[in-house]
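Student: My structure is below; once you've seen it, I'll send some questions.
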Amino acid sequence: MTQRVCGVGQRHLKTRDCPTLTLAFPSCVGIFYTDLQNEFHATNSETSWVPSIMTSVLHAGGPFCSVLVERLGCRATVMLGGVLSGVGMAVSSFAQSITELYITTGVITGLGFCFSFQPAVTILGHYFVRRRAFANAMSSTGTALGLCVLPVLGNYLHLEYGWRGSFLILGAILLNCCVCGAVMRPLQPSRPRGPPLMNHRPSLSQEGKEKKTKGLLRTVWNYVLSAVKKHMAFDQFCNNSKYCAFTIGITWMMLGFIVPLIYLVPYATAHGMEPSKAALLLSILGVVNIVVRPPIGILFSMPWFKGRHIYVFAAALLVNGLSNSICCLGPTFPVLVSYVVIYGLSMSLVGALMFTVLMDIVEMSRFPSALGLLAIMESVTLLIGPPLAGKEATIWLCIICLLFTMVSSNLDQKPATMPKWCK
């Protein structure tokens, strides 16, 4: 028994490494923001599409990831994601236009991040039951570790090798996701696989080519509908009022949640701050997350908080949104340090509890499909958020603050009633 627990703990450390290399990576792109603008003569809005597409694809690829996990398992899917993200970043170093970066850094690397991150979150729910909140909090420290290390590493690589050499080296580092996937413990016992969906195809008529074509189209359509129903939890969205409110709230939240991570360094350097100091702001944000998240996991694993995670989560969103208004006080280093500390504290609560709340709302058997639908919905706002903020970052940070406030203040009230159209 002790050997089994130790084995799970060791695999849990590797599960934590996936968020280190995936979720925190878009913030590292901000280090190269000015270079990309100068290299390709792009505007703020055009350049911001690079991390925006990357983050959006990371979430939008959820249903595809769910299919791969079912067919290949979590280990193979994470390893495939490591290969895609590494190759995507390496090829990005040879890009000759901002459009090519959209494809290589945005789509290919983002899809690799999706295949590496989401199976790691799913498998955690199977590894841990009683201490699931603590496990999710410890796993989310990987994101904090990435926020702490990647900006410093990115700034060093940028000074030594430029943005092209840095992208090539970062691509090699991302291949370590393959190692993380290789050491994951397979789920035991393995669940028997059901019959393939294509087995339910209607019999083709022998009367003519036209009927055969109609039968084939009908089969493909039925297969698509079955796959969508299986890998995207529309039934939960319509019948589970808590899940409906949660997905809508998180979708609006993501409109501005990652904006500070992308624009903080360019915002600071644009107002005369040294690049090393600006990169240090993200490292401070990462340190705050590393220090705070483990105690949060221990605290909210206590029996008293069972069923109350969603209220703490909503309060953290409120504080997180209001903290963005601190940037309006001025672009000085002390002001921005106080901002990242408050933002980091609330971000720690949000990151540690988001998947725990989702696991409380839906059954674990439906968690992958529930996560897939949530990822698809939030990918839309993740895609448009940074380019919108790129028009005028300071003003939009204050507007996003209001969005956070509206969502968080209503999140705990929406689950009480079910929308009429779902009944």
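None of the figures in this text is laboratory data; all of them are computed from the coordinates on show. Note that the structure is predicted; figures quoted are calculated from it, not measured. No Cβ is skipped: glycine too gets one built from the backbone with ideal geometry, and neighbour counts run over all protein chains shown.
Student: Quick check on packing: order 320-332, 67-79 by the mean number of other C-beta atoms within 10 Å, highest mean leading.
Tutor: Ranking the peptides 320-332, 67-79 by packing returns 67-79, 320-332.
Student: OK, next. What ranking do 28-36, 159-167 get when scored by the average of other Cβ atoms within 10 Å per residue, highest first?
Tutor: Packing proxy ranking, top to bottom: 28-36, 159-167.
Student: May I ask you to order 259-265, 344-350 by the average number of other C-beta atoms within 10 Å around their residues, highest value first?
Tutor: Highest to lowest by the protection proxy: 259-265, 344-350.
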